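The values are calculated or read from the model by the stated rules, or taken from the named source; none is laboratory data. As the structure is a prediction and not an experimental result, all values here were calculated from the model. Don't worry about glycine lacking a Cβ; one is built from the backbone with ideal geometry, like all the others, and counts go over all protein chains shown.
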Amino acid sequence: MFLYTTEENKLTFERYEGDFAVIYDDNGRRTDVDRKLMPDGIKEGDRIESADGGYIISEENEKARERVANLQNSLWK
């Protein structure tokens, strides 16, 4: 099975099931891939991109975390 990612269609890591990682595209299509292809430190909800025969955590994760942290900080002030 081949997965093609585009800027409009990144993938989201959901969970591990045994030897497989469960990922979804933006259209809600589920794909199970070998967990060995997942990057170290991946967490539920992380956005990923295909790269060099495996997957990397998308840079948009850090941007999203920063936005959430800023929002939380503004709410607690």
Among the residues in the range 33-42, are any under 9 Å from the mean Cα position of the chain (by Cα), in a loop (DSSP other than H, G, I, E, B) and among the acidic types (Asp, Glu)?
no
Residue pairs, Cβ under 7 Å, 6 or more apart or interchain, first in the range 49-77 and among the aromatic types (Phe, Trp, Tyr), second in a loop (DSSP other than H, G, I, E, B). List them.
TYR55/MET38; TYR55/PRO39
Considering (1) in a helix (DSSP H, G or I); (2) at pLDDT 90 or above, say which one ALA69 fails and leave the rest.
(2)
Which of the residues that make up the range 43-77 are among the aromatic types (Phe, Trp, Tyr) and over 15 Å from the mean Cα position of the chain (by Cα)?
TRP76
Within the range 43-66, restricting attention to residues that are in a loop (DSSP other than H, G, I, E, B) and of a type outside the set (D, E, K, R), which residue is surrounded by the fewest Cβ atoms within 10 Å (Cβ to Cβ)?
GLY53
